[in-house]
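The values are calculated or read from the model by the stated rules, or taken from the named source; none is laboratory data. Since the model is a prediction, treat every value here as computed from it, not as a measurement. Heads up, the Cβs are rebuilt from the backbone with ideal geometry, glycines too, and the neighbour counts pull from every protein chain shown.
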Amino acid sequence: MKNREKKWGEFIQENGRFFQEPVIQTFLAVDDHWDLLKAAIEQNDLWASDQLDQRFEVYYLRVRMMRYIATLTRLYVNTYDQSKRKQRSLLTFDQPVDAEGEEQLKQGDYTPSLELALDDAVVREVPEILPTEAMQRTYRSFSDTRKNVMHFYTFDQLNDKEISGILNCTPQNVSKTRRKALAQLQGS
């Protein structure tokens with residue numbers, strides 16, 4: 001009896017990593033499977049070993065099928081979502097807008113121009129939106145690069161990667177410059 005327990009204990013120690021695998025843990029959570037494994041190891045029971053092998057094959061096939069179905073479902077949902085987003089985002093700019101008594105305008109005619117009018121550009125300067133004189137002075141002391149980063153970030157709402165493309169530098173450099181500028185403005 002002690003020899004069997006010793007054999008079982010050695011098997012558990014030698015295969016510790018095996019028993020830590022999630023698939024093995026869930027398979028052995030069924031009491032009957034654990035008993036079959038113990039019988040196969042302690043008593044060299046070939047019937048228990050065969051039963052364990054057959055049950056594990058069926059179990060592992062089910063696990064793989066569930067994973068496959070979950071992957072297919074996730075891919076299908078993503079593809080479906082992307083196609084629906086594309087359908088929603090398609091705009092028909094050439095379709096006339098109903099306007100009684102007015103010349104036929106198209107939806108594209110109602111989209112705003114990307115260029116700012118001169119008046120808008122003057123109104124949207126960074127120093128004018130800063131609440132205190134100290135912040136305005138701090139902003140005026142910034143280098144041209146720092147001013148450009150703040151302008152692109154604040155008014156054009158560009159991200160670091162887009163700004164880095166304009167200024168020919170890395171996104172990390174843009175982020176660092178922006179953070180330092182904001183910290184200086186907050187300290188004013």
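Would you point out which residue out of Asp31, Asp81 is in the same structural domain as Ile12 (by TED's automatic domain parsing), modelled with pLDDT under 85, charged (D, E, K, R) and closer than 30 Å to Gly9 by Cβ?
Numbers: Asp81 fails: closer than 30 Å to Gly9 by Cβ.
When all the criteria are applied, what remains is Asp31.
Conditions tested, residue by residue: (1) surrounded by 11 or more Cβ atoms within 10 Å (Cβ to Cβ); (2) at pLDDT 80 or above; (3) out of contact with any Cys (no Cβ under 8 Å at 6 or more places or on another chain).
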site	(1), (2), (3)
Glu102	no, no, yes
Lys106	yes, no, yes
Thr111	no, no, yes
Leu114	no, no, yes
Phe152	yes, yes, yes
Asp160	yes, yes, yes
Gly165	yes, yes, yes
Thr170	yes, yes, yes
Lys176	yes, yes, yes
